[in-house]
């Protein structure tokens, strides 16, 4: 064990590896801060470079890139309400609401601080509990995965600011959009209207950009009183920024408020990080589902649930802690079973196999100084180093991105549209994706006019296909509905979904009856 750690430390602390980690951190921040360029895309773009790196350097580049890009996705989500990554969509409305209140620095520093703490706690879970948690994940069949997806979608509905019926309508709309194109289980085109480019379906990247970004542009342009309102909000944010005339080193040393918030919410961050790590270890779940579930749980236990969606620091802190903790959890099934926990670890597995590293239960055997044991220990060390490196780089990114609030809205809005078009087109070089972005921008604007939440639409698009796939898998095994709750795990997940739907309705009914008796 000691020899393995020494060997891993020697490889990670070598100058070439540290240089790779530093450049990967900067690269992850830059890519994650651009709407439409997800963490997965950032990792995909550096895959050709891993051919020229050692196995430790290649994995270090992937771990650092995704750690920094997940946080960086909060920057455009907070400043202009365009989530840089899908994991940021759960709390983009809260961050943007705080920006309009002139509190964007508070929102971004909270995201950074809790991202680091959540990432470190997720790494601890990866180190300490990997074999135990992996044994739980091994018990998941198609039925458990079906209920997990239902749970994620349920959480998206119950955190809606307005009525749950409106949240349910938005979710069904997202699921309808996810049905466009060829399904994964059969090859019959659906809802394509003769447009060949829709065979691959509605991609969630242009959909997310349109719903959150373009719809906001339309809202700002159409509302006649908006120019003065928006300019005043940006001026407030600029004044808040001008009050902070200190260096990055001073900011890092003067984070008493953030650390005090962490201490006051120590149990909440443990809860959200645990949710993130557990959800992250389930193959196909990922940081975005972890963020939504943690956000819903946070709202359920909050003393100020009315602030969620309107500028809740608690919602931002818990969701960011969960999505970064999920990054460490996603490596558990990847290393133990060779099953990727998310798209990033799927790419990492391909690189490991290219480097002749075979994942499996024996990979956690630290008794021998094998290349696999050293690599696993290097992953642990890199996760810790990447999260610590995020402190100065994240603060620098916050200070640089805060220049956005200085830009007048009549100049900023065209740039938002430009990045929306580039982000939508860059994914598949398809003009249809641009039109999808425009159409969903109009749809998002319309939904917001009638106070329908946008989050469930995005999550429905993302999770609709895997939900359908799992449902068909379950039905192909048995058409008996009792099979869906045939195990203790599936019964527990189904019970949680049932309680989440029924408890608020029953609580409201009891409260209404009590008021009528008075």
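The values are calculated or read from the model by the stated rules, or taken from the named source; none is laboratory data. For clarity, every value in this text was computed on a predicted model and none was experimentally measured. Heads up, the Cβs are rebuilt from the backbone with ideal geometry, glycines too, and the neighbour counts pull from every protein chain shown.
Brief remarks follow.
- Residue 297 vs. criteria surrounded by fewer than 24 Cβ atoms within 10 Å (Cβ to Cβ) and within 21 Å of residue 489 (Cβ to Cβ): yes
- For region 191-202, the condition of being on the phi < 0 side of the Ramachandran plot, touching a residue at least 12 places away in the same chain (Cβ under 8 Å) and crowded, with 22+ Cβ neighbours inside 10 Å holds for at least one residue.
- Candidates in region 282-306 are the residues that are outside any helix (DSSP H, G or I) and closer than 20 Å to residue 154 by Cα; of these, the one that is modelled with the highest pLDDT is 302.
- Counted residues, region 82-108 - those being surrounded by 24 or more Cβ atoms within 10 Å (Cβ to Cβ) and part of a loop (DSSP other than H, G, I, E, B): 4
- Some residue of region 330-342 being modelled with pLDDT under 75, within 27 Å of residue 81 (Cβ to Cβ) and more than 11 Å from the chain's Cα centre (by Cα): yes
- Residue identified as buried (at least 19 other Cβ atoms within 10 Å of the Cβ), farther than 21 Å from residue 289 by Cα and over 19 Å from the mean Cα position of the chain (by Cα) among 440, 475: 440
- If the condition is being assigned to a loop (DSSP other than H, G, I, E, B) and modelled with pLDDT under 80, then region 124-165 contributes 138, 139, 140, 159, 160, 161, 162, 163.
- The single condition from (1) at pLDDT 85 or above; (2) in contact with a helix residue (DSSP H, G or I) (Cβ under 6 Å, 6 or more places away or on another chain) that residue 192 fails is (1).
- Beta carbons closer than 7 Å, at least 6 apart along the sequence or on distinct chains, pair a first residue in region 373-393 that is surrounded by fewer than 24 Cβ atoms within 10 Å (Cβ to Cβ) with a second that is at pLDDT 90 or above for 384/120; 385/21; 389/21; 389/25; 391/116; 393/25; 393/26.
- Every condition in (1) in a helix (DSSP H, G or I); (2) in contact with a helix residue (DSSP H, G or I) (Cβ under 8 Å, 6 or more places away or on another chain); (3) in contact (Cβ under 8 Å) with a residue 40 or more places away in the chain is met by residue 469 except one, and the failing one is (2).
- Residue match in region 109-119 (condition: modelled with pLDDT under 85, farther than 22 Å from residue 334 by Cα and surrounded by 24 or more Cβ atoms within 10 Å (Cβ to Cβ)): no
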